[in-house]
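Encoded as structure tokens, the structure appears first; notes follow it.
No lab work stands behind these numbers, since they all come straight from the coordinates. Keep in mind that this is a model prediction, so the values were computed, not measured. Here the Cβ is made from the backbone with ideal geometry for all residues, glycine too, and neighbour counts use every protein chain on show.
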Amino acid sequence: MDAFIEGLPKAGLHIHIEGSLEPEMMFALAERNGVDLPFASVEELRAAYSFQGLQGFLDIYYQGARVLRTERDFFDLTWAYLEKAHKQIVLHTEIFFDPQVHTWRGVPFANVFGGVHRAMGKAETELGPHFQTDPVFPAPPGRRRRHGDPGSGARATAFSRTKDW
């Protein structure tokens, strides 16, 4: 039965790309970008992935976000996910990303969007499945999101449309 299920075509819906960051890549990007992690090893970080509840996930999610700095980082992360999805026969995936999680830290929006978009373009050419990306715009830490207020989300979306990525 496992082989049958593994062989079926799949869809990845509402995938937050930052949440796909594997422990090995988190350590490699941390080293590449000079970011200290609160984990002594990949094994310790992997053990932390056995979290309880949403807050446990978010704690690791934000630690992972800290290591993402350059367009290359976002490309490498997205490409790793897309290669894995391809091997798992994912024929359609909707990739979400959180630009504000990065721009709040001074990472240019172009680094985030450019890396994600470049990896998706490579996947369209080399892997073939259909990919879609949707930026999500969370409220800043400590503030509630106001529905109907486009704020920086609308500005970032407008910016993404000004470039030939």
Fill in the blank from the handout: Here, H92 and F57, labelled 7 Å along Cα→Cβ, have an inter-label distance in nm of 2.2
Completion exercise
Semi-axes (Å, rounded, descending) of the ellipsoid equivalent to region 37-135 per its C-alpha gyration tensor are 24, 18, 12
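So if we plug the beta-carbon distance of A40 and D2 into 1/(1 + (r/R0)^6) with R0 = 22 Å, what FRET efficiency do we get, rounded to 0.05?
0.05
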Exercise for the section: Using label points projected 7 Å from each Cα along Cα→Cβ, tell me how many nm separate T103 and R32, to one decimal. Expected result: 2.3
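What are the equivalent ellipsoid semi-axes of region 23-67, built from the alpha-carbon gyration tensor (square roots of five times its eigenvalues), in whole angstrom, biggest first? Write out the running numbers ahead of the final one.
Working: eigenvalues 66, 26, 10 Å².
That gives 18, 11, 7 Å for the three semi-axes.
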